[in-house]
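The values are calculated or read from the model by the stated rules, or taken from the named source; none is laboratory data. Fair warning: this is a prediction, and the values are worked out from it, not measured in the lab. Cβ coordinates were reconstructed from backbone atoms using ideal geometry, including for glycine residues, and neighbour counts include every protein chain displayed.
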Amino acid sequence: MFNRSKPDPSDKNRSHLKNLMAIAMADGHLAEEERHVLISVAHRMGMSDEEVQFVQENPDSVKFTPPKEYDEKMEQIYDFISLMSVDSDIDPSEIEVCRKLALHLDLAPRIVDDLLNKFFGDHK
């Protein structure tokens, strides 16, 4: 019998993609460079273009499903940072969404600031 109580790995991937889309749209628009990162991350996770389109068109149907492992959580944070920085314009609203997502991943929101400072200097 099929047991849906255990999360499907694709749930975690869709959740991550939804979070990336939220960051990309935090400044009110999706830059072409951001779109390329979204597609690249989705393909890295084994997602099809159709799945990407589904998540983009139906974000409310995607349940937040965080990874359990610390390394996977950090990988998601790195994806968030990469996405925010790809268009050379790190918007404060993108940073705020990223901090909130870090908190939902059971990570200190400060990790976002620490990584931004490490890679880009003072971002504020």
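Structure summary
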read-out: Residue check for I81: modelled with pLDDT of 95 or more, within 11 Å of the chain's Cα centre (by Cα) and assigned to a helix (DSSP H, G or I); value: no
read-out: Residue in the range 64-75 that is surrounded by 12 or more Cβ atoms within 10 Å (Cβ to Cβ) and more than 20 Å from L105 (Cα to Cα) present; value: no
read-out: Residue in the range 50-72 that is among the aliphatic types (A, V, I, L, M) and either in contact with a Pro (Cβ under 9 Å, 6 or more places away or on another chain) or over 14 Å from K18 (Cα atoms) (or both) present; value: no
read-out: Residue match in the range 95-110 (condition: more than 14 Å from the chain's Cα centre (by Cα) and part of a helix (DSSP H, G or I)); value: yes
read-out: Per-region count, the range 14-65, residues closer than 16 Å to Q76 by Cα and not basic (K, R); value: 22
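Every residue, every condition in (1) touching a residue at least 60 places away in the same chain (Cβ under 8 Å); (2) among the β-branched types (V, I, T); (3) crowded, with 16+ Cβ neighbours inside 10 Å; (4) under 30 Å from G121 (Cβ atoms), yes or no:
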position: A26; (1), (2), (3), (4): yes, no, yes, yes
position: D60; (1), (2), (3), (4): no, no, no, no
position: L83; (1), (2), (3), (4): yes, no, yes, yes
position: S88; (1), (2), (3), (4): no, no, no, yes
position: E96; (1), (2), (3), (4): yes, no, no, yes
